[in-house]
C-alpha cells in the first residue's frame, strides 16, 4: 500500500485534535455564566468583535450577583486580551473559548483557548453560559469529501457530485438507442451489429465525459465514484477499457436503480449512503491490512507496543505510525535524585502503582516535571522523526484486532530493526571504528553515574558509536567507561598516542564526550563528524548547534581521517590450543598463516554456518560474502563489537564476525581474512574537541551588530609538538610504545555555524557569496533544524582558513551583516591521516 498523502495525514491529525478539544470542552462546567464561546468567521473584522466585547463588558457590569459579575468581567477581559494578539481574522476564522471551570477536585481553573480551525468556519457566535458551545466545531468534523455519480440507462446519462449535504448535477445528456427489434428491411445480424455499435459508442461517450467532469489538471477531483443505472450499461462502463484507469480505481460501489436522470441520482445517493459514510473505515482497513501483511510475510519491517515503537522512532526507522485515536497513555517527565530527567509512559492502571515513580537509589518518589497525554506529544513531535502519523478507530474488525492484539500502537518501518539486539546492548556500536594501527591498552576509569538515557538518545544516524574522551597530565581525570569496545580508537591514537601524559577514557555517547570536555573532566575529546559514504553524523551537528546552551565553551582544535577496513574474525581450527582459554597466536604462526589466509582460498569457509555484523557492513562486503559465505546465515547486531563478542563465546569455529582488526585483539579472535570490503577509500572524519577558557570566548555572535568583536586569538596547538619524540622503549609506563605521530597535512581549517532569514529570498546565496568574494574555500556544508521554530535551519560550513587572520575577520564581519546569528566552533592546523 502506498503511503498516505502528507496533506491527508496532517488533516486527519487536525481532525483528531479538534475531536479531543470538543470532548474536553463539552465536559467542562462552570459557575454562573462566565464561560465565553466566541467564533469569528473569515473575512470578518477583529475590530467588530472587540467593539462587541466592549459593549458586553458594560452590560455585564449590571449583573446583580457579585461573584458571577466578577467572573464574567474577568472572562471578557481575557477574551479581549486574546483578540489583541490578532491584527486580522485568520483565513479559516478564529475560535476563542475563555472562562473559569470547575475541576474534578472542585477547584476553579481558568481556561484560555484560541486557535484557527483547519478549514473555514462559516459561523458567527458569541455566548456567555455555564458551558462552552461546540456545535460549530462539531460541524467542522462532518465530511466534506466530494463523491462523483454516473447514472446510465438506455435514455441517457447524468454526471453529478455529492459533498456533505449538497448535491450538484454537473452534466446530463439523452441518447436514442435502437431496441432489440425493428421493422424489416435488414438482416438480423446486420441489425444486431448496428445496435451493438451504437451502444458501444454510447459507453465511449460516457467514458470521455467522465474524464472531462471528474479529472482536473490530470488529477481526480473526487474521493470516490458511484456507478448506477437500470441496465447493464454501468457494468459495461466499469469493465470497459475505454474507462480511464484513474477513475476506475476510484469506483467504490455499483448500484441498481429503478430510474434514470435526477430521480435515479437521488435513489443512488440513498442506496450508497452506508458506503459513503464508511469511506474513512475503508481507508483504515486498507492501512491496517497492509500492516498485517507485513507481519504475515515476516519481513521484520513492523513493530508494535510503545517501547519498540519509540525505539524505532528514535532510530528514524518509522515510515508510518499507526495509533488508536483513544489510546489512554500518559507521558511523564520526572526528575531523579541526581537531577537526571526520566521519561515514563503509563496507562491508568499502572498509574495506581506508585512504585514506578520511585527513585530506586533513594526510595523517594521522583519529582514530576511535566505530564501530558502521549498522543498529544506524538501529534506534536512525529514530524521531527520523519514519520507519518495515522489515527485509527476500533469500529472496524481490523481496527479492533489492532487495538486489542497489538496495544493500539505500532509502525511500518523503512527497514528491518532487530529489537532483541537493541535490548541486548543499546549502547554498543562501533561502525565508525576501523583500526589499522597498534591496539590501545590505555587505562580507563569507571563510574556508576553514567546516563543510560543519554546513551539511548545520542545515537548516530547509521547505528551509533562509542566515543573517546582524552585526559592528559600526571593525574588524568577519569570519565565514564563501560565494557571494552573498539570505537574511535584509531582517531584518538593517531592524534594522541598513549603515553604517561595521555590516558584514553572511553565514553558511551557523543554527548558524553561533549559533556566531559565542557565540564573539564578531560582536556580533549574525539568524536566522529562525517563519513565519506554515509554522510554527516547528526548527533555531533546537533551538539555543536547547542540549542540549550549546554556546551558554550566547546571548540574544535584538530581533525583526523580514519580509513575503514573490515576483517573476517573467528576461531582458527588448529591443534595445541592452551586449555586456560588463552586465544593468542604466536607471532610466527600469525605471520605464516596471514599469507595463506589473505585471499581466503585456503580457509575452509564451509565450516562457518553463521555470520554476525552491523547491517551496513553486509553491503560493503557483498562480493566477498557472495563468493565465499553465501551459505552462511546472517545475524544483524547493533555494532560490530557486539558481533565480535558473540563470536568470542562460540569456540566451535562455526561462527564468524565482520569487524575491525582491533576487535580481534580485544575479544581474543583470529583474523581469518583482512580487507574484505568492496569499496576502498571509505573514510571517517573525527574532530578533536577542547574547552576554550572563558577569557577567549569571543567567537559567538548573536546579531549582525556584534559580529566583529575583538579579534579571536589563535587556538593553542591541538596536537603535541611536532618536534617532540615518542617515548623510548625503555620508558616505564603501562602502554606499548606508540608509533610516530602522523604528519599534519593540508591548510588550516575552521568550523562556523550561522542562520539566515528564510523569508528573505537569496539570503543564503548572499551569505555564501561572502566567502567567494574573499577567496575563502568552503570544504563542506551541512544543515540541521535550528530548534528555534519550524522550518528554520542552521548551516554548518567548514573553511580552509584560520580564525584570527585579518582577511578572515574582515570576511566574517561582512558575513555578520547578512546572517541572523553566527558562531565560531573552532580552528585547527591541518589534518592527520591514518
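Summary table below
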| quantity | calculated |
| --- | --- |
| Label-point gap, in nm, between residue 622 and residue 45 - each point 7 angstrom along Cα→Cβ | 6.8 nm |
| Label-point gap, in nm, between residue 340 and residue 24 - each point 7 angstrom along Cα→Cβ | 3.2 nm |
| Projected label distance in nm at residue 197 and residue 110, using a 7 Å step from Cα toward the beta-carbon | 8.4 nm |
| Alpha-carbon centroids, the range 206-277 and the range 629-688: separation in whole Å | 61 Å |
| Exposure proxy ranking, count of Cβ atoms within 10 Å, fewest first, for 335, 511 | 335, 511 |
| Whole-number percent relative contact order across the range 42-113, with pairs defined as alpha carbons under 8 Å at least 6 apart | 33 percent |
| Taking 169, 417, 647 and counting other C-beta atoms within 10 Å, the order from fewest to most | 169, 417, 647 |
| The range 325-428 - percent relative contact order, Cα under 8 Å, separation 6 or more | 24 percent |
| Length gained when the stretch residue 768-residue 553 is fully extended (0.36 nm per residue, less Cα-Cα span) | 74.8 nm |
| Rounded FRET efficiency, nearest 0.05, which uses the C-beta distance separating residue 418 from residue 190 and R0 of 56 Å | 0.20 |
| Theoretical gain in end-to-end length, residue 781 to residue 292 [0.36 nm per residue, Cα-Cα removed] | 171.9 nm |
| For the range 750-825 and the range 116-158, distance of Cα centres in Å | 49 Å |
| Length gained when the stretch residue 635-residue 77 is fully extended (0.36 nm per residue, less Cα-Cα span) | 194.3 nm |
| Fewest-first sequence of 546, 604 by Cβ atoms within 10 Å of each Cβ | 604, 546 |
| Inter-part distance where the range 35-70 and the range 288-332 are each reduced to a Cα centre, Å | 47 Å |
| Relative contact order, percent, the range 76-158 [alpha-carbon distance under 8 Å, six or more residues apart] | 21 percent |
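Just so you know, all these numbers are worked out from the coordinates, no wet-lab data involved. Here the structure is a predicted model, which is why all the values come from computation and not from measurement. Glycine gets a Cβ as well: all are built from the backbone with ideal geometry, and neighbour counts include every protein chain shown.
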